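Read the structure below first, then the notes.
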Amino acid sequence: MSLALVLEQLLNGVQFGLMLFLMSAGLTLVFGVMGLINLAHGSLYMIGAFLCAAVAGATGSFWIGLVAGLAAAAAAGALIEIIVIRRLYDRDHLDQVLATFALILILSEGVRMIFGPFPLYLNVPDALRGTVSLGIVDYSLYRLALIGFGVAVAVGLWVLIAKTRLGIRIRAGESDREMIAALGVNIRALYTIVFALGAALAGLAGALVGAIQSVQVGMGEPVLILAFVVIVIGGIGSIKGAMVGALLVGVIDTMGRFLLPRIFATFLDTSQAMGVGAALASMLIYLLMALVLIFRPKGLFPAHG
Amino acid sequence: MHSFRTTALAMVAATSVTLAQAETITVGMITTLSGGGAGLGVDVRDGFQLALDMAGEHPVKLVVEDDAQRPELAVQIAERMIQSERADILTGIIWSNLAMAVVPSTVAQDIFYLSPNAGPSALAGANCHPNYFNVAWQNDMLHEGAGAYANELGYENTFIMAPNYPAGTDALAGFKRYFEGNLAGELFTQVGQTDYAAEIAQIRASGADSIFIFLPGGMGISFMRQYEQSGLDLPIVSAAFTFSQDILPAVGAAALGVFNASQWSPDLDNEANQSFVSAFREAYGRIPSLYASQGFDTANLILSAAGKADVSDRDAFREALREADFTSVRGEFAWAPNQHPIQRVYIREVVEVDGEITNRIVGTAFEEHRDVHGENCSM
């Protein structure tokens, strides 16, 4: 096991973590500000990927596709907020789960009706093909770009929330929604903007990841589960928590898949070690979540103290 | 008057005979129509339906339900189809873990199960059953073909990888049974996994000269897309599933040149197959995958048996199924004693024809190949 391999796996873990961050940032923001559990977040990820693939296929440019995917997810998010989500803020979480689960079914079936049941073709843009040398390891340029995108979005989000007027309102809405409404802020518009922002982040993640994965109906659900794990670990409602949680989940999952079979191979035969190692690796992040919940029931960075 | 009565009686008798022959056969199809595996189920369903449509008048009543690739859901649907729909035959399951959950209890209730895809080793060996027929293959078969062909290609140090479920373990076992070189590494991934960066890094570090993968459906698309971007350029050998027509358009040029083993190919030159491929293209506007060919064969097997026996007479119908008196699109078709096919395994190469990415036959791995698990079957 060489240093280069460990370094490559670490990069893979960070890249995976940053994509998870894009998903979980929107999810945690919506939960923190509006107190809403949105199961349909994965569907917005899917919409981003499908629109990106369709538009990139029609125009031949990945970048136009990326913008289209992002815009479509944001628009779909705003529309869903206005038509459905708005009626759910005063309901309890069970009603929200039920309604947003229904949205998953409707959106998945809708996408299947429009695009068909077969996966779409979406490829990496020409400028980001191939590998780049990082000293001891050759790494995929596109994955490196994904890391760059993830970091840029994280910084942008931090600036937005910490430095701008909109950010102040979002933070105020998080701590006391009656008070900020009483101060004359249009809380309905604010909620729509936050929901659309979360949707745009999910759509961006879907479009970016779609280029190296399968663009297919239902692609959002596995990521959604991981995103929930991330925000539970990080502390629901906290962007910083989402960042730390996403990186933890990304690195631990990747390293677990890589190292556990090797550890078992030292005392089991190869096939057995691979089977046991793979099975245990898939449980690892849930074990991590359980551990965090035992010692920090509100997550690592609880948003409301 | 007397003669009129005789004629009337004769007519009634004749009608009841035709009625007996046209006794409705209820076929319950449980298949994957949503989620990442939907393309496979849609192709099995469309192939099956096409065979019925091409037959014109037929006694089959087809009931289709989506299992969403979830074993517990498949079990529920099977129970409902047997209890409420009074299904005579179940079919359609794509995934081996779902087949393992549904098939044993189904065949025990004196219902036929005809598998158009999954062929787990457990059901081919000790747990074989007179009511269980596999129209496609036993899971290991095509991977055995890939293993044999890897020898011919001169691969000596191969990295092998499959998802961690019954068909994945069968795949690696099948490949290893025939492959004579070394294994540079062996990995199980998760079912439905979408990111293969960790696996690709290990392939790179292993010093392998070639790769064998079994990653059906969306898993194959994700792997190939990421493999193409990884800078690794090792040759890949596989079975048909990872390079099947349901995913080739989404994989694109990255798949060109890959060798994969299959019992069927769209360019297979026999009359039944050519009319199947052109009818399928006309009906659905795409090239059929091997899953579609298997659905098509399954329906034709049922229709052939329906012409010989009533499904309510289970023993007679079983004998009719065993005769396999239908024209398979794969060419010659015969049952081994465990009711799995004995068939030729071809080697295909992924090529581009008229702007479409598809497969073409370039060789043969085995003639009259049968699975090894049959010897544990007592039939």
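Restricting attention to segment A:17-59, the residues being within 10 Å of the chain's Cα centre (by Cα) and aromatic (Phe, Trp, Tyr) number 2. Return the residues of segment B:134-148 that are in a helix (DSSP H, G or I) and among the hydrophobic types (A, V, I, L, M, F, W, C); say none if nothing qualifies. Correct list: B:Met141, B:Leu142, B:Ala146, B:Ala148. Checked against (1) touching a residue at least 60 places away in the same chain (Cβ under 8 Å); (2) part of a helix (DSSP H, G or I); (3) not aromatic (Phe, Trp, Tyr), B:Asp310 passes all but condition (2). Could you please let me know if B:Ile203 is out of contact with any Gly (no Cβ under 8 Å at 6 or more places or on another chain) and of a type outside the set (Gly, Ala, Ser)? Answer is no for this residue. Annotation note: of A:Ala172, A:Ala189, A:Ala145, the sole residue that is farther than 30 Å from B:Ser222 by Cβ, touching a residue at least 12 places away in the same chain (Cβ under 8 Å) and surrounded by fewer than 23 Cβ atoms within 10 Å (Cβ to Cβ) is A:Ala172. Does B:Ser210 count as among the polar types (S, T, N, Q), more than 14 Å from chain A (Cβ to nearest Cβ), touching a strand residue (DSSP E or B) at 6+ places or on another chain (Cβ under 8 Å) and under 13 Å from B:Val350 (Cβ atoms)? No, not satisfied. For segment A:198-205, does any single residue satisfy the condition of being in contact (Cβ under 8 Å) with a residue 40 or more places away in the chain and either within 14 Å of chain B (Cβ to nearest Cβ) or among the acidic types (Asp, Glu) (or both)? For segment A:198-205, residues in contact (Cβ under 8 Å) with a residue 40 or more places away in the chain and either within 14 Å of chain B (Cβ to nearest Cβ) or among the acidic types (Asp, Glu) (or both): present. Scanning segment B:340-376 for residues that are in a loop (DSSP other than H, G, I, E, B), assigned by TED's automatic domain parsing to the domain that holds B:Gln245 and surrounded by 17 or more Cβ atoms within 10 Å (Cβ to Cβ) yields B:Arg370, B:Asp371. Among the residues of segment B:176-207, write down those that are more than 12 Å from every other protein chain (Cβ to nearest Cβ) and surrounded by 21 or more Cβ atoms within 10 Å (Cβ to Cβ). B:Phe179 - this is the single residue of segment B:176-207 that is more than 12 Å from every other protein chain (Cβ to nearest Cβ) and surrounded by 21 or more Cβ atoms within 10 Å (Cβ to Cβ). Every condition in (1) more than 18 Å from the chain's Cα centre (by Cα); (2) within 12 Å of chain B (Cβ to nearest Cβ) holds for A:Ile104 except the one numbered (1).
Could you check, for segment B:292-303, whether at least one of its residues is of a type in the set (D, E, K, R), modelled with pLDDT under 95 and buried (at least 17 other Cβ atoms within 10 Å of the Cβ)? No, every residue in segment B:292-303 fails to be of a type in the set (D, E, K, R), modelled with pLDDT under 95 and buried (at least 17 other Cβ atoms within 10 Å of the Cβ).
Just to be sure before I move on: is A:Gly218 surrounded by fewer than 20 Cβ atoms within 10 Å (Cβ to Cβ) and either without any contact (Cβ under 8 Å) to a residue 40 or more places away in the chain or at the interface with another protein chain (Cβ under 10 Å from one of its Cβ atoms) (or both) in the structure I sent? So A:Gly218 fails the test. Among the residues of segment B:244-269, those identified as buried (at least 24 other Cβ atoms within 10 Å of the Cβ) and not hydrophobic (A, V, I, L, M, F, W, C) are B:Ser244, B:Gln245, B:Asp246, B:Asn260, B:Ser262, B:Gln263, B:Ser265, B:Pro266. Residues in segment B:139-175 that are acidic (Asp, Glu), surrounded by fewer than 24 Cβ atoms within 10 Å (Cβ to Cβ) and within 19 Å of B:Tyr346 (Cβ to Cβ): B:Glu152 alone.
Among the residues of segment A:166-189, just one is under 14 Å from A:Leu36 (Cα atoms) and either hydroxyl-bearing (Ser, Thr, Tyr) or under 22 Å from the mean Cα position of the chain (by Cα) (or both), namely A:Glu174. The residues on offer are A:Gly235, A:Gly173, and the sole one that is more than 14 Å from chain B (Cβ to nearest Cβ) and at positive phi is A:Gly235. Only one of the numbered conditions (1) more than 9 Å from chain A (Cβ to nearest Cβ); (2) over 26 Å from B:Ala292 (Cβ atoms); (3) of a type in the set (Ser, Thr, Tyr); (4) without any contact (Cβ under 8 Å) to a residue 60 or more places away in the chain is violated by B:Ser230, and that is (1). When segment B:321-339 is filtered for residues that are over 17 Å from B:Ala51 (Cβ atoms) and not in a strand (DSSP E or B), the ones remaining, listed by number, are B:Arg322, B:Glu323, B:Glu332, B:Ala336, B:Pro337, B:Asn338, B:Gln339.
Based on what the data block shows, is B:Arg281 closer than 21 Å to B:Ala38 by Cβ, without any contact (Cβ under 8 Å) to a residue 60 or more places away in the chain and not in a helix (DSSP H, G or I)? Considered against the rule, which asks whether it is closer than 21 Å to B:Ala38 by Cβ, without any contact (Cβ under 8 Å) to a residue 60 or more places away in the chain and not in a helix (DSSP H, G or I), B:Arg281 comes out as no.
The one condition from (1) closer than 30 Å to B:Ser289 by Cα; (2) surrounded by 22 or more Cβ atoms within 10 Å (Cβ to Cβ) that A:Ala202 does not meet is (1). Residues satisfying the criterion are present in segment B:110-133 (criterion: part of a loop (DSSP other than H, G, I, E, B), more than 9 Å from every other protein chain (Cβ to nearest Cβ), in contact with a Leu (Cβ under 8 Å, 6 or more places away or on another chain) and crowded, with 24+ Cβ neighbours inside 10 Å).
Let's see how each residue does on (1) over 23 Å from A:Gly198 (Cα atoms); (2) away from chain B (no Cβ under 14 Å); (3) aliphatic (A, V, I, L, M):
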| residue | (1), (2), (3) |
| --- | --- |
| A:Gly116 | yes, no, no |
| A:Val137 | yes, no, yes |
| A:Leu141 | yes, no, yes |
| A:Val153 | no, yes, yes |
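For segment A:78-96, the criterion of being over 30 Å from B:Arg225 (Cα atoms), in contact with a helix residue (DSSP H, G or I) (Cβ under 8 Å, 6 or more places away or on another chain) and of a type in the set (Ser, Thr, Tyr) is met by at least one residue. Candidates in segment B:92-109 are the residues that are under 12 Å from the mean Cα position of the chain (by Cα) and part of a loop (DSSP other than H, G, I, E, B); of these, the one that is surrounded by the fewest Cβ atoms within 10 Å (Cβ to Cβ) is B:Trp95.
Within segment B:149-168, does at least one residue satisfy the condition of being hydroxyl-bearing (Ser, Thr, Tyr), within 19 Å of the chain's Cα centre (by Cα) and in a loop (DSSP other than H, G, I, E, B)? Yes; the residues of segment B:149-168 include at least one that is hydroxyl-bearing (Ser, Thr, Tyr), within 19 Å of the chain's Cα centre (by Cα) and in a loop (DSSP other than H, G, I, E, B). Here B:Ala74 fits the description: aliphatic (A, V, I, L, M), more than 25 Å from B:Phe243 (Cα to Cα), assigned by TED's automatic domain parsing to the domain that holds B:Ala299 and assigned to a helix (DSSP H, G or I). The number of residues in segment A:260-272 that are modelled with pLDDT under 85 and at the interface with chain B (Cβ under 9 Å from one of its Cβ atoms) comes to 2.
The values are calculated or read from the model by the stated rules, or taken from the named source; none is laboratory data. None of these values were measured; they are calculated from a predicted model. Positions of Cβ are generated from backbone atoms using ideal geometry, with glycine treated the same way; all protein chains shown enter the neighbour counts.
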